[in-house]
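Asker: Here you go, one structure.
The values are calculated or read from the model by the stated rules, or taken from the named source; none is laboratory data. Worth saying up front: this structure is predicted, and the values here are computed from it rather than measured. Don't worry about glycine lacking a Cβ; one is built from the backbone with ideal geometry, like all the others, and counts go over all protein chains shown.
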Amino acid sequence: MLARTAASAALVVTLAAFDGAAAQTANQPPDTMAARVEACTPCHGNKGEGTSDVYFPRLAGKPAGYLYNQLLAFRSGRRKYPPMNYLLEFLPDPYLQAMAEYFAGEHPPLPPPAPSEVSKDVLAQGEQLATSGDAGRNIPACVSCHGPGLTGMQPGIPGLLGLRAPYISAQLGAWRYGTRTAKSPDCMQVVASHLTEADVTAVAAWLATRPAPDNRAPVAKGTYALSFGCGSQPN
Amino acid sequence: MGSKLSIALLALAALTTVARAQDKNSDVIARGEYLARAGDCTACHTAPEGRLFAGGRAMPTPFGTLYTSNITPDPETGIGKWSADDFYKTMHSGRFPDGGLIYPAMPFASYTKVTRADSDAIFAYLRSIPPVNQKNRPHELRFPYDNRQLILGWRTLFFSEGEFKPDPTKSDEWNRGAYLVEGLGHCGMCHSPINALGGTSQSDAFKGGLIPMQNWYAPSLTSNREAGLGDWSIKDITDLLQTGVSARGVVYGPMAEVVHNSLQYLNDADTKAMAVYLKGIAEASSPPPASSTLPNTESSLLISLGKTVYDKNCASCHGTQGEGKPPHWPPLANNQSIEMQSAVNPIRMVLNGGYPPGTKGNPMPYGMPPFAGLLSDNEVAAVVSYIRTAWGNRGTPVSAREANELRSAPLN
């Protein structure tokens with residue numbers, strides 16, 4: 001009984017404190033994730049839709065697990081990009097998780113694909129690699145892991161839509177040279193190490209031409225089996 | 001029967017003694033962990049994604065790269081074979097157990113002030129953490145700095161060995177704050193000017209300086225025109241130290257690391273003691289403002305362009321009068337960090353943006369966007385000139401060249 005009285009007293013005090021806080025919010029920034037991630041927006045857009053800079057990726061709608069892994073990798077410096085490493089260095093895990101979920105939950109429209117600057121032959125080579133791979137050279141198809149609609153799979157595999165060719169090409173290059181790495185087994189490092197520069201150009205160009213499918217959401221975990229192990233997507 | 005009972009009682013007494021000893025031991029370890037936080041040991045002795053205190057972190061210096069050492073209790077590669085005496089000697093004298101000289105990147109010039117009891121507690125804590133077998137990586141220093149004998153010269157000039165001596169004319173609280181700030185906190189490592197020899201003279205302690213290799217300006221803790229806290233309330237100081245944000249401003253750059261790894265873990269009494277001491281060492285009367293060259297045509301033009309840039313990009317958070325929405329969106333009016341003579345920090349904040357550290361008291365901080373990609377050198381110089389001179393701020397205009405030079409400042 002005494003405990004209950006004390007609990008109600010505590011509740012009253014808490015509510016009173018909330019009232020006080022509410023009265024002050026007029027002079028406080030909005031208590032929202034949107035206001036907290038404003039530091040991300042000059043490069044990634046207000047809702048993570050990307051900006052006119054082709055090297056900055058779209059974040060919106062990617063699986064939260066993928067975005068969280070990237071935030072952790074930027075924070076520790078495993079994934080190297082000084083402006084990102086610097087911004088995230090002293091932010092705690094739960095906050096990075098909240099940021100990942102915020103951008104995963106945003107669904108601004110995909111931009112219309114930009115006309116490609118490469119030849120039809122190069123695009124055809126990109127399509128071939130992306131949809132069928134090249135078994136002779138141990139190159140799996142992009143769609144075998146990133147999904148038939150290239151929308152990714154929960155929780156860790158990103159969709160590849162809405163990205164510009166220079167960004168995709170830079171990331172594949174970073175994997176080939178080892179400046180972008182992920183948890184072992186680092187599947188993308190293995191894949192990228194089998195690609196030539198011409199392969200990278202072709203596949204980046206073709207991916208950038210893909211129109212938005214009706215359902216852009218990443219598919220559920222376990223919808224299809226991965227053909228090889230991937231540290232970012234535990235089975 | 002009687003003897004059995006006394007044996008049982010004796011056994012019980014023995015067990016209680018053991019339990020008490022263990023309690024006492026775990027108390028010492030807990031205190032050691034707290035003090036290791038106060039000393040921010042982890043900032044250097046834990047590598048990114050590395051095991052706790054296993055070392056191996058690269059520390060770039062003007063003289064080459066140092067790699068921090070393994071201070072886990074591993075007997076082969078860590079400090080597992082050290083005694084408490086060895087550890088105290090390292091902290092107090094800056095020498096390895098074999099007498100070898102330690103590079104002064106290890107802040108032994110501050111740690112020398114730490115008491116023997118505190119050193120023993122930190123050592124007991126370090127003995128209690130999991131050992132990690134990881135060999136120390138050799139330093140990569142350029143000639144002639146790879147010759148450790150040079151440290152002798154440095155020590156003669158800049159090192160005075162000795163535990164903290166309380167000032168009997170000051171309160172216990174002031175002295176506790178002084179002990180933490182000057183000793184484990186090693187605040188002087190950044191907040192004092194560093195000369196070409198990598199040292200600081202005693203008379204320059206806490207007078208501020210540009211941090212080598214990082215290109216952030218660590219403001220003076222004694223001048224109210226910089227980060228002197230003379231006209232701050234104790235609450236604003238403790239808020240800043242414990243949570244990273246306050247009604248007067250937020251921490252950023254290297255100070256965000258200090259709050260994140262160290263200061264947020266200090267208890268209220270110690271934080272307040274540091275605040276009392278820091279407020280106490282600020283100069284009572286403000287020195288005259290930095291010589292302001294009368295605004296020539298160029299700087300009036302800059303400031304006028306700066307207002308346009310400010311109203312478009314900054315005012316939505318920092319307010320049309322620079323009032324901000326403290327503590328999360330800091331005020332820029334009457335903000336020492338904006339006005340001080342060195343404009344390095346405000347220029348870098350505009351270019352790089354930044355988040356205050358996530359702390360127990362402020363787990364989801366608000367961040368400032370980087371404007372490096374959005375504003376030209378001229379616009380950066382203009383907006384920084386504007387905020388340094390508007391609303392009664394007494395800073396001086398900055399040039400586009402200064403803004404341009406800081407675009408290449410290291411970010412990590």
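Asker: Quick one: is B:Pro397 more than 14 Å from chain A (Cβ to nearest Cβ), buried (at least 18 other Cβ atoms within 10 Å of the Cβ) and modelled with pLDDT under 95? Step through it out loud before you land on a result.
Answerer: On the way: more than 14 Å from chain A (Cβ to nearest Cβ): yes; buried (at least 18 other Cβ atoms within 10 Å of the Cβ): yes; modelled with pLDDT under 95: yes.
Yes.
Asker: Then there is this: If you check every pair at least six apart or on different chains, which have Cβ atoms under 8 Å apart with a residue in the range B:108-129 that is assigned by TED's automatic domain parsing to the domain that holds B:Ala178 and without any contact (Cβ under 8 Å) to a residue 40 or more places away in the chain first and a residue that is buried (at least 19 other Cβ atoms within 10 Å of the Cβ) and not in a helix (DSSP H, G or I) second?
Answerer: Correct list of pairs: empty, since none qualify.
Asker: If the requirement is being of a type outside the set (S, T, N, Q) and in contact with a Gly (Cβ under 7 Å, 6 or more places away or on another chain), which of these qualifies: A:Glu117, A:Glu106, A:Glu89?
Answerer: So the residue among A:Glu117, A:Glu106, A:Glu89 that is of a type outside the set (S, T, N, Q) and in contact with a Gly (Cβ under 7 Å, 6 or more places away or on another chain) is A:Glu106.
Asker: Could you check how many residues of the range B:181-221 are modelled with pLDDT of 85 or more, in a loop (DSSP other than H, G, I, E, B) and buried (at least 19 other Cβ atoms within 10 Å of the Cβ)?
Answerer: Number of matching residues: 9.
Asker: Here's a follow-up. Those residues that are farther than 18 Å from A:Ser232 by Cα and of a type in the set (Lys, Arg), I need them from the range A:131-183; list them, please.
Answerer: A:Arg137, A:Arg164
Asker: Another question about this same structure. Can you pull out every residue in the range B:315-348 that is away from chain A (no Cβ under 12 Å) and part of a loop (DSSP other than H, G, I, E, B)? Even if it seems obvious, please write down each step before you answer.
Answerer: So in the range B:315-348, the residues away from chain A (no Cβ under 12 Å) come out as B:315, B:320-322, B:332-347.
Listed by number, the residues that qualify are B:Thr320, B:Gln321, B:Gly322, B:Leu332, B:Ala333, B:Asn334, B:Asn335, B:Met340, B:Gln341, B:Ser342, B:Ala343.
Asker: Out of all the residues in the range A:82-97, which are of a type in the set (D, E, K, R) and either buried (at least 20 other Cβ atoms within 10 Å of the Cβ) or touching a Phe, Trp or Tyr at 6+ places or on another chain (Cβ under 6 Å) (or both)? I'd like the intermediate steps shown before the answer.
Answerer: Let us first name the residues in the range A:82-97 that are of a type in the set (D, E, K, R), namely A:89, A:93.
A:Glu89 - this is the single residue of the range A:82-97 that is of a type in the set (D, E, K, R) and either buried (at least 20 other Cβ atoms within 10 Å of the Cβ) or touching a Phe, Trp or Tyr at 6+ places or on another chain (Cβ under 6 Å) (or both).
Conditions tested, residue by residue: (1) assigned by TED's automatic domain parsing to the domain that holds A:Ala174; (2) under 19 Å from the mean Cα position of the chain (by Cα); (3) at pLDDT 95 or above.
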site: A:Val190; (1), (2), (3): yes, no, no
site: A:Thr196; (1), (2), (3): yes, no, yes
site: A:Trp206; (1), (2), (3): yes, no, yes
site: A:Pro213; (1), (2), (3): yes, yes, no
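To keep it simple, each residue is scored yes or no on (1) closer than 20 Å to A:Thr51 by Cβ; (2) part of a helix (DSSP H, G or I); (3) modelled with pLDDT under 95.
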residue: A:Pro94; (1), (2), (3): no, yes, no
residue: A:Ala100; (1), (2), (3): yes, yes, no
residue: A:Glu106; (1), (2), (3): yes, no, no
residue: A:Pro111; (1), (2), (3): yes, no, yes
residue: A:Ser116; (1), (2), (3): no, no, yes
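Asker: Just to be sure I understand, how many residues within the range B:349-366 are at the interface with chain A (Cβ under 7 Å from one of its Cβ atoms), assigned to a loop (DSSP other than H, G, I, E, B) and buried (at least 20 other Cβ atoms within 10 Å of the Cβ)? Reasoning before the result, please.
Answerer: Quick first cut of the range B:349-366, residues at the interface with chain A (Cβ under 7 Å from one of its Cβ atoms) only: B:352-355, B:357-358, B:363-364, B:366.
Still in the list and also assigned to a loop (DSSP other than H, G, I, E, B): B:353, B:355, B:357-358, B:363-364, B:366.
Going one step further and asking which of them are buried (at least 20 other Cβ atoms within 10 Å of the Cβ), we end up with B:353, B:355, B:357-358, B:366.
Residues flagged as at the interface with chain A (Cβ under 7 Å from one of its Cβ atoms), assigned to a loop (DSSP other than H, G, I, E, B) and buried (at least 20 other Cβ atoms within 10 Å of the Cβ) within the range B:349-366 amount to 5.
Asker: Among the helices (runs of 4 or more DSSP H) confined wholly to the range A:22-81, which include 3 or more residues that are crowded, with 19+ Cβ neighbours inside 10 Å and away from every other protein chain (no Cβ under 11 Å)?
Answerer: Values: elements: A:33-36, A:41-44, A:64-76.
Filter on the range A:22-81 gives A:64-76.
Asker: Any residue that is on the phi > 0 side of the Ramachandran plot, away from chain A (no Cβ under 12 Å) and either assigned to a helix (DSSP H, G or I) or surrounded by 21 or more Cβ atoms within 10 Å (Cβ to Cβ) (or both) - is there at least one of those in the range B:380-391?
Answerer: Step one: filter the range B:380-391 for residues on the phi > 0 side of the Ramachandran plot, giving B:391.
With away from chain A (no Cβ under 12 Å) added as a condition, the list becomes B:391.
Okay, now just the ones that are also either assigned to a helix (DSSP H, G or I) or surrounded by 21 or more Cβ atoms within 10 Å (Cβ to Cβ) (or both), so B:391.
Yes - at least one qualifying residue is present in the range B:380-391.
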